[in-house]
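K.L.:
First, the structure itself, so that you have it in front of you.
The values are calculated or read from the model by the stated rules, or taken from the named source; none is laboratory data. Please read all numbers here as calculations on a predicted model, not as lab measurements. Cβ placement follows ideal geometry from the backbone for every residue including glycine, while neighbour counts extend to all protein chains displayed.
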Amino acid sequence: MHSTLAVSAEGVPLGVWGQHVWVRDVATTGNRHRRHERGFVDKESYKWVLGLSDLAATRCG
């Protein structure tokens, strides 16, 4: 699960903004050595970018 935490400009935590939940495909387990062959959107770290786009879509303030 990747969570997006909202904080104020002063750094005060405001709460969880969103979460993306997924399950790893068992067939891809153990392929870390091939991580440079995968595109960015195919990597787990891309889930963090999805959290940023959720925040930008509902920008407040």
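K.L.:
So which pairs qualify, if the first residue must be in the range 40-61 and within 19 Å of residue 14 (Cα to Cα) and modelled with pLDDT under 75, the second must be of a type in the set (Gly, Ala, Ser) and surrounded by 10 or more Cβ atoms within 10 Å (Cβ to Cβ), the Cβ gap must be under 7 Å, and the two must be at least 6 apart or on different chains?
P.N.:
51/18; 54/18
K.L.:
For the condition touching a Ser or Thr at 6+ places or on another chain (Cβ under 9 Å) and either surrounded by 10 or more Cβ atoms within 10 Å (Cβ to Cβ) or closer than 19 Å to residue 1 by Cα (or both), what is the one hit in 22, 17? Lay out the reasoning, then the answer.
P.N.:
Working: 22 fails: touching a Ser or Thr at 6+ places or on another chain (Cβ under 9 Å).
That would be 17, the only listed residue that is touching a Ser or Thr at 6+ places or on another chain (Cβ under 9 Å) and either surrounded by 10 or more Cβ atoms within 10 Å (Cβ to Cβ) or closer than 19 Å to residue 1 by Cα (or both).
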